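The values are calculated or read from the model by the stated rules, or taken from the named source; none is laboratory data. A quick note: this is a predicted structure, and the numbers were derived from the prediction, not measured. Note that each Cβ is placed from the backbone with ideal geometry, even for glycine, and that neighbours are counted across all protein chains shown.
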Ligand SMILES: N[C@@H](CCC(=O)N[C@@H](CS)C(=O)NCC(=O)O)C(=O)O
């Protein structure tokens, strides 16, 4: 299968890391949605990445839906438990991580797509406050987990999304001071980024 997008996108990167962890065979087609929207539009009416083209030609869009399908293909190596309280726990922590990513990006887009005099500082601050709220919650979860994973004995989608989100937000908004504010999450992030699954889908420098 073919993953369309680039690793600067945290949604693409969490998909790539998940594919690596599950051991499924896949290739990256590094297309920039901004520079080459037509190449994405052929597959995805929303013109967004990630977009995953399966071997049979079927196309999946939106990272949460892609990850759901990846879990189904991964069988025992799935990253979100199939049911019950364990699933709810992983789903919630993953949603907090994904929300922190969303809110970081909303702040970044406000700064990127408006001329300086039209940027709403209060909207940037509102979104960054929400992102920080998400990272604070994840930091508490990381503190409770100690040297372990966020939601139990095994690495889960919660770990992937939290770590990818932390690395991304720290790169694009260093002013947030995430490592200083959230040391337990920073340590969790370092453990995740040291795994081959993360190193083989590197955040561009
Ligand atoms: N909710 C989507 C968000 C995807 C997303 O926003 N991707 C960005 C790249 S980081 C994109 O394609 N932006 C282009 C646009 O929305 O115009 C997901 O989880 O896949």
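To keep it simple, each residue is scored yes or no on (1) in the same structural domain as residue 174 (by TED's automatic domain parsing); (2) within 16 Å of the ligand (Cβ to nearest atom); (3) within 30 Å of residue 2 (Cβ to Cβ).
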{"position": "90", "(1), (2), (3)": "yes, no, yes"}
{"position": "99", "(1), (2), (3)": "yes, yes, yes"}
{"position": "111", "(1), (2), (3)": "yes, yes, no"}
{"position": "138", "(1), (2), (3)": "yes, no, no"}
{"position": "154", "(1), (2), (3)": "yes, no, yes"}
Odd one out for residue 149, checked against (1) within 17 Å of the chain's Cα centre (by Cα); (2) touching a residue at least 24 places away in the same chain (Cβ under 8 Å): (2)
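Based on what the data block shows, is residue 4 closer than 30 Å to residue 152 by Cα, within 15 Å of the ligand (Cβ to nearest atom) and either surrounded by 20 or more Cβ atoms within 10 Å (Cβ to Cβ) or more than 14 Å from the chain's Cα centre (by Cα) (or both)?
Details: closer than 30 Å to residue 152 by Cα: no; within 15 Å of the ligand (Cβ to nearest atom): yes; either surrounded by 20 or more Cβ atoms within 10 Å (Cβ to Cβ) or more than 14 Å from the chain's Cα centre (by Cα) (or both): yes.
It is false that residue 4 is closer than 30 Å to residue 152 by Cα, within 15 Å of the ligand (Cβ to nearest atom) and either surrounded by 20 or more Cβ atoms within 10 Å (Cβ to Cβ) or more than 14 Å from the chain's Cα centre (by Cα) (or both).
Going by what's in this entry, would residue 93 be described as under 16 Å from residue 137 (Cα atoms) and surrounded by 17 or more Cβ atoms within 10 Å (Cβ to Cβ)? Before the answer, list the steps.
Values: under 16 Å from residue 137 (Cα atoms): yes; surrounded by 17 or more Cβ atoms within 10 Å (Cβ to Cβ): yes.
Against the criterion (under 16 Å from residue 137 (Cα atoms) and surrounded by 17 or more Cβ atoms within 10 Å (Cβ to Cβ)), residue 93 qualifies.
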Specify the residue that is farthest from the ligand (Cβ to nearest atom); the eligible residues are those in segment 46-58 that are surrounded by fewer than 16 Cβ atoms within 10 Å (Cβ to Cβ) and either touching a residue at least 24 places away in the same chain (Cβ under 8 Å) or not in a loop (DSSP other than H, G, I, E, B) (or both). 55
Please tell me if residue 75 is away from the ligand (no atom under 16 Å from the Cβ) and either touching a residue at least 12 places away in the same chain (Cβ under 8 Å) or closer than 15 Å to residue 157 by Cα (or both). yes
Condition first: in contact with a helix residue (DSSP H, G or I) (Cβ under 8 Å, 6 or more places away or on another chain), closer than 30 Å to residue 34 by Cβ and modelled with pLDDT of 95 or more. Can you find one or more residues in segment 141-154 that meet it? no
Any idea which of (1) crowded, with 19+ Cβ neighbours inside 10 Å; (2) within 12 Å of the ligand (Cβ to nearest atom); (3) not in a strand (DSSP E or B) is the one residue 17 doesn't satisfy? (2)
Taking segment 20-45 and keeping only residues that are part of a helix (DSSP H, G or I) and within 14 Å of the ligand (Cβ to nearest atom), one is left with 37, 38, 39, 40, 41
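Of the residues 61, 12, which is within 12 Å of the ligand (Cβ to nearest atom) and out of contact with any strand residue (DSSP E or B) (no Cβ under 6 Å at 6 or more places or on another chain)?
Working: 61 fails: out of contact with any strand residue (DSSP E or B) (no Cβ under 6 Å at 6 or more places or on another chain).
After ruling out the rest, the residue left standing is 12.
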